[in-house]
Each structure stands twice: as structure tokens, then as C-alpha cells.
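The values are calculated or read from the model by the stated rules, or taken from the named source; none is laboratory data. Here the structure is a predicted model, which means the values were calculated and not measured. Cβ placement follows ideal geometry from the backbone for every residue including glycine, while neighbour counts extend to all protein chains displayed.
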Amino acid sequence: MERTLKVMTLDAKKSGFFKTIIINVLTLLSMFCLVYAIDKIYKFGANIDIPCMMITVIPYLLIINFSVSLGEEFTNKTDKIVFTGMFKRDEIIVSKLISFCIMSIVMFLLYDIIFIVFNVFIGKNLSEVLTFGNLFKNIYVFLIYSFTLGAFSLLVSSITEKGMFTGIVTYIMYFDVTLLVMSQALYSSKNQLLKTVISNCPFYIANTGFRIQRYTLNQSLIMIVSGIVFLGLTIFVINKKDM
């Protein structure tokens with residue numbers, strides 16, 4: 001049990017882990033608040049919703065942090081120390097994935113605080129805002145998203161050993177370019193098989209579901225299974241590397 005707990009918290013115990021997350025979120029919040037203030041002062045009428053803006057940007061924060069987590073070990077030449085220490089290689093990989101989930105929980109909690117403050121600020125009733133449905137119903141979305149996206153990022157990092165390249169590949173596969181192509185194919189194609197494949201593809205489901213803060217049961221299962229497959233492949237690749 002003690003070893004298991006050490007593995008679970010190994011990566012999250014790194015110096016500056018939580019500080020980096022909080023600074024990233026607060027920096028974004030400051031920018032959005034500035035935009036909101038400018039809109040109100042000059043009366044542009046944009047009706048800016050800061051929590052919605054946060055949901056749109058959080059995936060980009062996550063992908064940056066996920067991409068550098070393993071890649072920096074190879075870049076900084078610390079991989080031999082990390083993967084030849086007292087912990088097994090698969091334990092190191094699992095600890096990094098758990099740290100991704102912890103990171104997403106921290107971001108979720110910060111998002112919830114922002115959600116409460118913003119809605120109270122614009123005049124909503126506090127009792128209406130502070131409901132279980134409003135505050136905690138979407139934590140599973142953050143966890144499933146970070147698990148699948150994180151596992152994929154670890155897989156790419158284990159193969160390429162480059163954090164920047166990992167970020168580029170993950171972005172291409174999960175974000176704007178692929179989403180645009182898949183969305184156009186989904187709504188314009190008459191091929192039912194192609195539509196089924198796209199609508200059940202984790203690369204399509206991940207960000208479309210995160211943006212609306214909802215995954216169906218089927219989508220959740222697809223994301224979880226995909227994450228497990230990516231994790232298994234990552235462990236296989238890492239164990240095959242000569243370090």
C-alpha cells in the first residue's frame with residue numbers, strides 16, 4: 001500500500017507542480033477579466049462569459065503540460081535516472097498519468113471557483129449557483145478527458161522523446177485541424193459507416209464532449225478504453241527502450 005501511494009504521488013510531488021497549474025489558470029483569468037472589463041467600459045456588448053472562455057482554453061493548458069511531462073525527461077537527459085531508479089518503468093508512466101488526472105482536478109476546482117464568483121458578480125442568486133449539479137456534475141468530464149489525452153501524449157513522447165513534437169502531434173490529432181475535417185465529413189458524407197467511425201472516434205469525441213462538458217455513456221467507454229490502450233502501448237514502448 002505504501003509503495004502504491006508513493007507511485008500515485010511520485011510525479012505530483014515535484015517542486016512547483018501545483019504552483020505552475022495555479023499560475024497558468026490565474027494568468028488566463030486575468031486576461032479574460034481584462035477583456036471583460038474593456039467590453040463593459042466601452043460597451044461593445046459582447047456578453048463575455050468568463051467560465052465558458054475558461055472551458056475553451058483549459059484543454060490547451062492541459063496539452064502543454066502533458067506534452068512536456070515525459071518529453072522533458074529525455075530532453076534534460078534525466079530519463080536514465082528516472083527509469084532506472086527504485087520504481088519500475090511502468091510505475092513511472094502510471095505516476096505521470098495520475099499526475100495528469102490530479103492536474104485536471106485542480107483545474108476543475110479552480111474553474112468551479114471562477115464559475116461561482118462570476119455568476120454571483122453578474123447578479124445570479126448564490127443559492128442557485130451553489131448546487132451540486134452546477135459544481136460537481138462535470139468532474140468526470142475533466143478526468144476522462146485528461147486520462148485519454150494524457151495517455152496519448154505519453155505514448156507519443158515515449159516514441160519521439162520530444163516534448164514539442166508531442167504537443168504538435170497531439171494538437172493535430174485532437175484539436176482544430178482534425179476536428180474540422182471530421183466535422184465536415186460527419187455532416188456532409190452520406191456514407192453511414194464513415195459517420196459511425198467518426199462519431200465513435202476518440203480523436204473526435206474528446207474535445208467536442210469537453211466543450212459542452214458532457215460525454216454520453218458510450219463516449220465515456222470509448223474514451224476510457226482508448227486511454228487504456230494508449231497507456232498499454234506506452235508501457236510497452238518504454239520497457240523496450242535501452243536505457
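What is the residue count in the range 110-161 for residues that are closer than 17 Å to ILE93 by Cα, crowded, with 23+ Cβ neighbours inside 10 Å and of a type in the set (Ser, Thr, Tyr)? Of the residues in the range 110-161, 5 are closer than 17 Å to ILE93 by Cα, crowded, with 23+ Cβ neighbours inside 10 Å and of a type in the set (Ser, Thr, Tyr). Scanning the range 229-243 for residues that are out of contact with any Phe, Trp or Tyr (no Cβ under 9 Å at 6 or more places or on another chain) and closer than 15 Å to ILE144 by Cβ yields a count of 1. Considering the range 93-138, and only residues there that are among the hydroxyl-bearing types (Ser, Thr, Tyr) and not in a loop (DSSP other than H, G, I, E, B), the residue that is nearest to the chain's Cα centre (by Cα) turns out to be SER104.
Restricting to the range 84-100, name every residue that is among the hydrophobic types (A, V, I, L, M, F, W, C) and buried (at least 18 other Cβ atoms within 10 Å of the Cβ).
ILE92, ILE93, VAL94, LEU97, ILE98, PHE100
Counting only helices (runs of 4 or more DSSP H) that sit wholly inside the range 1-88, those with at least 2 residues that are modelled with pLDDT of 85 or more and not aromatic (Phe, Trp, Tyr) are 17-42, 50-75. In the set ASN47, ASN24, ASN65, only one residue is farther than 23 Å from LEU155 by Cα, surrounded by 11 or more Cβ atoms within 10 Å (Cβ to Cβ) and among the polar types (S, T, N, Q); that residue is ASN24.
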